[in-house]
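Asks: After the structure tokens below, expect a handful of questions from me.
The values are calculated or read from the model by the stated rules, or taken from the named source; none is laboratory data. Only a predicted model underlies this, so the values are computations on that prediction, with no experimental measurement involved. Cβ sites come from the backbone with ideal geometry, for glycine too, and all protein chains shown count toward neighbours. Heads up: the accessible areas ignore ligands, DNA and RNA and are worked out on the full protein's heavy atoms, side chains in. Shrake-Rupley method; radii C 1.70, N 1.55, O 1.52, S 1.80 Å.
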Amino acid sequence: HIITSHITHHVGIAMGSNKTLGSRRPIHIMVEHDHDIGGKKLDDYGPIDKHEVPMMPWEYEVDATLSILIQKSHITVDELRRGIEALSGEQQKNLSYYEKWAASMTNILLERRVIKIDDLHRGTDKDDGSERQEFKIGDKVKVKSETTLLPWPKPHLRTPGYVYGAVGEIVADCGEFEYPELSAYRRKGMKQRLYRVRFAQKDLWTLYDGGNHDTAVVEVYKPWLEPASSSSSSSSSS
């Protein structure tokens, strides 16, 4: 009974019993998932776009990749559906149809050990020049946005979201360190230079009502920075 209770707890089924000795029936616990939006208010999702949209070349590639993976018994349609249903609410809302396919296929292949995480890293490596870019104290820099194609997986451990796209000024060079974006996955790579960047508080927070000279200093690794154009620069001096 203890073993049965332990197993059924993990599969989402509680074992109940009536007053008749030895008579047991499974009580299925309904778990609400983010993908299951039938009957819900869809205010957060907006109107359904019923226009025909031509498929992009990469979407044909995703579709073809699934067919190949199924032929090679690396994935099943049911597994694909399970992977899509496991996506977070934010992903369910924002990812396109074939982006959900791609995310599900990737997760299932990792789960089944058909591919390794390093295979993905190699596939997304991109030399954008950030490895070679150097900055000095006083330089105006811009933090790359969350949507920028970067040569490492998420989450981005050391670059807070509130500075994405913000322009600041280099105020200190902290030296070179093991890059946490890689070491979080036990990957090795070049040491990266860490800078302290000063931002105007009013540039970081839309509703900030403090003084115009209030600033915040954030440590940002070099690959996240790019030179700020003169048109996008803003004052961040104290």
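Asks: Within the range 64-94, work out how many residues are open to solvent by less than 30 Å² (accessible area, probe 1.4 Å) and in a helix (DSSP H, G or I).
Replies: Step one: filter the range 64-94 for residues open to solvent by less than 30 Å² (accessible area, probe 1.4 Å), giving 66, 69, 75, 80, 83, 87, 89, 92.
Filter once more, keeping what is in a helix (DSSP H, G or I): 66, 69, 80, 83, 89, 92.
Selection size over the range 64-94: 6.
Asks: Also, I was wondering about something else. Given the criteria open to solvent by 70 Å² or more (accessible area, probe 1.4 Å), closer than 24 Å to ARG112 by Cβ, more than 23 Å from the chain's Cα centre (by Cα) and at pLDDT below 85, does HIS28 qualify? Walk me through it before giving the result.
Replies: Values: open to solvent by 70 Å² or more (accessible area, probe 1.4 Å): yes; closer than 24 Å to ARG112 by Cβ: no; more than 23 Å from the chain's Cα centre (by Cα): yes; at pLDDT below 85: yes.
Here the answer is no, as HIS28 does not meet what is asked.
Asks: Filtering the range 31-49 down to residues that are under 14 Å from TYR97 (Cβ atoms) and loosely packed, with under 10 Cβ neighbours inside 10 Å, which residue is modelled with the highest pLDDT?
Replies: Per the stated criteria, the residue is ASP49.
Asks: Inside the range 95-114, can you point out the residues that are assigned to a helix (DSSP H, G or I) and closer than 23 Å to LYS50 by Cβ?
Replies: Just the residues of the range 95-114 that are assigned to a helix (DSSP H, G or I), to begin with: 97-111.
Within the range 95-114, TYR97, TYR98, GLU99, LYS100, TRP101 meet the criteria.
Asks: Kindly indicate the residue of the range 115-151 that is at pLDDT 85 or above and open to solvent by less than 60 Å² (accessible area, probe 1.4 Å) and also farthest from PRO227 (Cα to Cα) among those meeting that condition.
Replies: ILE115
Asks: Could I ask something else about it? Against the conditions (1) under 22 Å from the mean Cα position of the chain (by Cα); (2) open to solvent by 30 Å² or more (accessible area, probe 1.4 Å), where does GLN201 fall short? Just the number, please.
Replies: (1)
Asks: Another question, then. Out of the residues in the range 72-96 that are of a type in the set (Ser, Thr, Tyr) and modelled with pLDDT of 90 or more, state the one that is nearest to TRP58 (Cα to Cα). Step through it out loud before you land on a result.
Replies: If we filter the range 72-96 for residues that are of a type in the set (Ser, Thr, Tyr), which is where we start, we get 73, 76, 88, 96.
The next check asks that each one be modelled with pLDDT of 90 or more; those that pass are 73, 76.
Working: SER73: 22, THR76: 21 Å.
Ranking the candidates gives THR76 first.
Asks: Do we find that THR159 is of a type in the set (S, T, N, Q), modelled with pLDDT under 95 and either within 29 Å of GLU59 (Cβ to Cβ) or part of a helix (DSSP H, G or I) (or both) in this structure?
Replies: Working: of a type in the set (S, T, N, Q): yes; modelled with pLDDT under 95: yes; either within 29 Å of GLU59 (Cβ to Cβ) or part of a helix (DSSP H, G or I) (or both): no.
Spelling it out, it is not the case that THR159 is of a type in the set (S, T, N, Q), modelled with pLDDT under 95 and either within 29 Å of GLU59 (Cβ to Cβ) or part of a helix (DSSP H, G or I) (or both).
Asks: Still on this structure, I have one more. Scan the range 166-194 for residues that are out of contact with any Phe, Trp or Tyr (no Cβ under 6 Å at 6 or more places or on another chain) and in contact (Cβ under 8 Å) with a residue 60 or more places away in the chain and jot them down.
Replies: Answer for the range 166-194, where residues must be out of contact with any Phe, Trp or Tyr (no Cβ under 6 Å at 6 or more places or on another chain) and in contact (Cβ under 8 Å) with a residue 60 or more places away in the chain: VAL167, GLU169, TYR185, ARG187.
Asks: Out of the range 95-109, which residues are open to solvent by 70 Å² or more (accessible area, probe 1.4 Å) and of a type in the set (Phe, Trp, Tyr)?
Replies: The initial filter retains those residues of the range 95-109 that are open to solvent by 70 Å² or more (accessible area, probe 1.4 Å), namely 97, 99, 107.
Hit for the range 95-109 is TYR97, nothing else.
Asks: Looking only at the range 190-238, filter to residues that are modelled with pLDDT of 95 or more and among the hydroxyl-bearing types (Ser, Thr, Tyr); which one of those is nearest to LYS140 (Cα to Cα)?
Replies: Ranking the qualifying residues of the range 190-238, first place goes to TYR195.
Asks: Which of (1) of a type outside the set (Phe, Trp, Tyr); (2) in contact with a helix residue (DSSP H, G or I) (Cβ under 6 Å, 6 or more places away or on another chain); (3) open to solvent by 90 Å² or more (accessible area, probe 1.4 Å) is the odd one out, the single condition LYS188 does not satisfy?
Replies: (2)
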